[in-house]
Each structure stands twice: as structure tokens, then as C-alpha cells.
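Please read the structure below before turning to the comments.
Read the figures in this text as sums done on the coordinates, not as results from a lab. Note that the structure is predicted; figures quoted are calculated from it, not measured. Please note: Cβ atoms are built from the backbone with ideal geometry, for glycine as well, and neighbour counts cover all protein chains shown.
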Amino acid sequence: MTIIIANLVLVLAAGWLFRKYGIVAEGAEKAFNQYLYYLALPALIILKIADTPLSGLGWRFLAANTLPLAAVMGVVWGLWKAGVLDWRFARLLLIVSVLGNTVYMGFPVAVLRFGEEAIGYAAIATSIQNIFIFTFGFALMTLICDVPCPPSRFLRLIGRNVVLWSSVAGLLLSASGLRLPELLRQVLSDIGKTTLPLALFTIGVGLYGKKLAHNLPRIALVSGFKLLLMPFFYLVTARLTGFTGFVSRVTFIEVVMPVAVLNYIIALEFDFDPDLVSQSILFSTLVFFPLLYLYDWALKVFL
């Protein structure tokens, strides 16, 4: 695990240093993100899911990718109803505490820990989690209001969720048994190979300049829900349903990812606190690395 963490940290640090010393210009991460999000990630996801056998991904797999998220959302809802959380923070916490960096961070960690075979299952888990968050989660979020709330625009976010739609395309290919033409397959493979290192490098570039100036109690609460409470609910779900083995471990890695960069876009769309969200992304990412030792122990013992 130390080697895996060192690998992750060094690539992230390279991105941070390249931005700090001007080798990568300000705003370059936007171009990297566009390439990753609209080309490299879809290529990787379609190819890997299409090659992933769907047999064995039954109700236990579905439960493991939805029930822990529902449990965390239920805790947030209960705290709001009890008056512990104000409605604005409760709306933010409901989404940010379950939407993890399952692609940019999750895919590389899964591959380093379990090998290339893990990407397909990681992508399917990500797509199920996204569907649940962008339907049940956002519907529940609209009910958390003490005053007239901003209009919901989650359908637009679903339409722009390239990870989700490329996952659907891969699932259709896998279920139908169709194979991509060899030339297209080779092109997607070559493009997909650029995804994992560039994703980590881009995170490093994006972390430059971010600070933890204030809101530490709320930042810690968001990160605690994401990095501790949701993994706990996953382990409980896996134990109760008997969901163990390779696929369960890969799914666990996706569940424990820190707060996703996508949450910042959602913060702007839904009138969340974007500063709090960006600080939560930074804090949860930094805390994630020492916690990897705990997660690795947990998956060996319980999964």
C-alpha cells in the first residue's frame, strides 16, 4: 500500500509543482479536464465495461452501490429534521458527502491495487452510484428547504454526465455481445491509456492555490461523512448481504474516494457554498492518503 500511495502522491505532486513553477499555465487544468472528460474517460469506460462480464453483478452488487448512499442521505435528512443542520448546509452535505472522486482518483487506485481488470467493475459501480445520486439524491435534496429553494436543474447535469452515458454505452455492448471494429477498438485503447496518469496530474494542478482558510468544522463534517461514515455503511451492507470477493473489494475502493471535483460544478448550479465545497475537496483528498492504510486493512478483513 505504501508503494501505491507513493505513486499517487508523486503524480499529484508533479501536477502541483508544474503549476506552481509556471511549467503549466494558469487555467491549463480546464483543457486537461475537457480532454479527459469528453474523450479519454469515455474511451476507457466504454472499452473496459464492454470487456467486463456482467454475470454475477446481481442484487448484492446493486445493494452495495445504493444502500450505503441512501443511509448517509438518511442521516443528513434526520439531522436537518432535528434542527441540527440548517437547510443550506444540509442540501450541500446530502450530495457532497456521497458523490466521490470515483473516476479521476478511484480508477487509478483500483488499477494500482487490483490491476487493469478492476476498471470495468469500477466504472459500472460509478455509473450506478451516479444514477442513484442524480435521481433519488437530488429529488430528496429538493425537499430540504425552510424557504423557497433555488430551481432544480439536475436534468441538465444528467444530460452532461459523460461518465454516466459512456457507462450505459459500455453496458449495452457488454450485454449484447457485440464487438467493436478492431480499428475503433485500438483507437479507444490508445486514448484510454492516457487517462489514469493525466487524471492524477490534473488533480495536482487543480489543487494548487487552494487553502483551508475557515469553515474547518463543516469541512471536517463533510469529509467525515464521505471518508468514514459511507465506508462504514458499505461494510455493514456487504456483511449483511454476503457481498465479498474481488468485485466487492473494487466497489469498496470506489466508495471510499474523497469528495469529487464535480461537486464544485454542482455547487454553482444549486446555490451551494462553492468555497466550502472546494475546501472540502482539498481537505478530503489530503486526508484520504493516510486513510488508505485503514481501507486496505478493512477490505482484507471484512471483504
Query raised in the report: Kyte-Doolittle mean at least -0.5 and Cα extent at least 27 Å along the axis: which DSSP H helices of the chain qualify?
Result: 274-302
**Report entry** For the chain, size of Cβ-based charge dipole, Lys and Arg +1, Asp and Glu -1, in debye
**Finding:** 180 debye
Report task. Starting from the Cα of residue 30, draw a straight line to each of the aspartates and glutamates and keep only those under 20 Å, dropping any in the same chain fewer than 8 residues away. Result -> 269, 275
Query - Normalised contact order of the chain, rounded percent, pairs of Cα under 8 Å and 6 or more residues apart - result: 34 percent
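Pick out, in residue order, every one of the chymotrypsin sites (Phe, Trp or Tyr not before Pro) in the range 1-92 that is DSSP loop and has at most 13 other C-beta atoms within 10 Å; say none if there are none. Could you put the intermediate results ahead of the total?
On the way: sites: 16, 18, 21, 32, 35, 37, 38, 59, 61, 77, 80, 87, 89; in loops: 21.
Passing sites in the range 1-92 are 21.
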Query - Partner lysines for residue 226 [C-alpha distance under 21 Å; skip if fewer than 8 residues away on the same chain] - result: 81, 210, 211, 300
Report task. Could you tell me which of rounded, prolate or oblate describes the chain, using a ≥ b ≥ c as the square roots of the eigenvalues of the alpha-carbon gyration tensor, with rounded for a/c under 1.5 and, failing that, prolate when a/b is larger than b/c and oblate otherwise? Result -> rounded
Report summary line: Out of 263, 79, 102 - ranked by how far each Cα lies towards the positive end of the dipole of the chain, with unit charges on the beta-carbon of charged residues - the top one is 79
Report task. Determine the calculated [θ] at 222 nm for the chain from helices alone, applying -39500 (n - 2.57) to every DSSP H run no shorter than 4 residues and normalising by the residue count; nearest 500 deg cm²/dmol. Result -> -21000 deg cm²/dmol
